[in-house]
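Report on the following structure.
The values are calculated or read from the model by the stated rules, or taken from the named source; none is laboratory data. Fair warning: this is a prediction, and the values are worked out from it, not measured in the lab. FYI the Cβ positions are ideal-geometry reconstructions off the backbone, even for glycines, and counts take in every protein chain you see.
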Amino acid sequence: MKLAKYSSILALCTALASPFSLADDQADSKVIVGLITKTNTNPFFVKMKEGAQQKASELGMDLRTFSGRYDGDNDSQVQAIENLVASGAKGILITPSDPAGVVPAIEKARKAGVLVIALDTPLNPATAADATFATDNFKAGELIGEWAREQLGSEADNAKIALLDLNTSEITVDVARNQGFLKGFGIDLKDPNDIGDESDPRIVGNDVTLGSEEGGRRAMENLMQKDPGVNVVYTINEPAAAGAYEALKAFGMEKDVLIVSVDGGCSGVRNIESGVIGATSMQFPLKMASMGVEAIKNFAETNQKPSATPGLEFVNTGVELITNQPVSNIPSSTSKDGLNKCWG
């Protein structure tokens with residue numbers, strides 16, 4: 001009897017000495033998922049983090065987030081990968097700042113049994129990740145190209161097109177959007193993996209914007225000097241589109257030129273509403289991240305890796321044309337609808 005009594009007292013003392021042991025066990029049992037973005041200030045990545053957090057909370061997962069100090073900061077991303085592997089993360093979602101430079105760290109993570117999913121930007125090579133969850137950027141470009149062609153009607157054969165790209169590196173997203181637009185407009189692609197090798201006389205030229213408003217303004221000015229008759233402007237993203245519009249406005253041409261773009265940020269959708277941009281292709285960073293978290297949860301439970309969308313080499317997270325000037329054969333949503341779905 002005395003032994004049983006002392007055992008009960010000992011058990012009670014142990015429990016009192018460790019009041020949080022049950023909570024600690026529950027916390028330790030949560031699947032750890034890491035999200036590493038290029039920066040923590042870009043609205044696209046802010047929305048991505050929101051989507052990951054919502055889904056992780058819903059599924060009872062432990063989300064740990066990291067980002068580079070600036071776009072292109074590979075060292076911080078590599079350190080984040082190493083920290084997540086050391087902490088026992090089951091999966092990592094990453095928007096790589098340096099798609100090639102981060103690969104050695106990712107290879108080590110995968111060898112340690114971590115599922116790695118690239119978000120938005122594929123690795124180089126893409127097979128360095130277990131999967132890529134991304135917008136179909138070629139389709140995004142194709143939609144705005146088709147829309148511009150339909151808007152011009154028979155005058156599409158006489159178009160003068162300015163192409164405002166990202167930079168001279170020709171990264172995957174830049175090439176896909178550019179080439180998709182040209183195909184949608186009906187221009188023959190020589191090499192779909194190369195920007196600027198087309199010979200169609202409707203193309204005035206290409207210039208780079210670095211994805212910024214100032215870059216868009218400067219590139220538009222350069223191409224207008226080459227041919228002031230430009231009447232269609234493709235832009236890599238909506239800040240570049242806003243800059244192109246300001247350049248056109250300075251020359252009194254803003255109402256004579258169709259501007260199209262890709263992204264679906266709220267400022268871009270508002271520029272659809274005000275007539276600055278004619279059409280944009282919206283992507284969905286919140287959905288991209290939440291689908292990635294779900295895939296890691298499934299992997300933790302079944303050891304099953306995600307499969308690419310049929311016909312593609314990645315998991316397609318969707319794209320939607322936003323315009324207030326719809327055409328009959330291209331599904332689209334208005335800016336009003338877009339403002340309920342946009343990010344930023």
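Taking the residues in the stretch 271-307 that are within 22 Å of Q151 (Cα to Cα) and of a type outside the set (A, V, I, L, M, F, W, C) as candidates, determine which candidate is surrounded by the most Cβ atoms within 10 Å (Cβ to Cβ).
Among those that are within 22 Å of Q151 (Cα to Cα) and of a type outside the set (A, V, I, L, M, F, W, C), it is T280.
I'd like to check which helices (runs of 4 or more DSSP H) are fully inside the stretch 97-185 and have at least 1 residues that are among the hydrophobic types (A, V, I, L, M, F, W, C) and under 28 Å from N303 (Cβ atoms).
Once the helices (runs of 4 or more DSSP H) in the stretch 97-185 are filtered for at least 1 residues that are among the hydrophobic types (A, V, I, L, M, F, W, C) and under 28 Å from N303 (Cβ atoms), what remains is 103-111.
Go through (1) in a helix (DSSP H, G or I); (2) of a type outside the set (S, T, N, Q); (3) modelled with pLDDT under 95; (4) surrounded by 15 or more Cβ atoms within 10 Å (Cβ to Cβ) and name the single condition M48 misses.
Answer for M48: the failing condition is (3).
Considering the stretch 192-223 alone, what residues qualify as being within 24 Å of the chain's Cα centre (by Cα) and assigned to a loop (DSSP other than H, G, I, E, B)?
P192, N193, D194, I195, G196, T209, L210, G211, S212
Of all residues being surrounded by fewer than 14 Cβ atoms within 10 Å (Cβ to Cβ) and free of Cβ contacts under 8 Å to residues at least 24 places away in the same chain in the stretch 310-344, which is nearest to V46 (Cα to Cα)? Just the residue, please.
Checked the stretch 310-344; the qualifying residue nearest to V46 (Cα to Cα) is N340.
Six or more apart or on different chains, Cβ under 7 Å: which pairs go from a residue in the stretch 151-176 that's of a type in the set (S, T, Y) to one that's in a helix (DSSP H, G or I)? Could you list them?
none
Can you spot a residue in the stretch 81-92 that is within 25 Å of G344 (Cβ to Cβ) and either within 17 Å of the chain's Cα centre (by Cα) or at pLDDT 95 or above (or both)?
Within the stretch 81-92 (the criterion being within 25 Å of G344 (Cβ to Cβ) and either within 17 Å of the chain's Cα centre (by Cα) or at pLDDT 95 or above (or both)), the answer is yes, since at least one residue qualifies.
Taking V116, is it in contact with a strand residue (DSSP E or B) (Cβ under 9 Å, 6 or more places away or on another chain), outside the structural domain of S290 (by TED's automatic domain parsing) and not polar (S, T, N, Q)?
No, not satisfied.
Please verify whether the stretch 11-31 includes one or more residues that are hydrophobic (A, V, I, L, M, F, W, C) and modelled with pLDDT of 90 or more.
Checked the stretch 11-31: at least one residue is hydrophobic (A, V, I, L, M, F, W, C) and modelled with pLDDT of 90 or more.
Among the residues of the stretch 224-239, how many are over 28 Å from the mean Cα position of the chain (by Cα) and in a helix (DSSP H, G or I)?
The total comes to 3.
Residues that are without any contact (Cβ under 8 Å) to a residue 60 or more places away in the chain, assigned to a helix (DSSP H, G or I) and in the same structural domain as E214 (by TED's automatic domain parsing): does the stretch 274-282 have at least one?
Yes: one or more hits.
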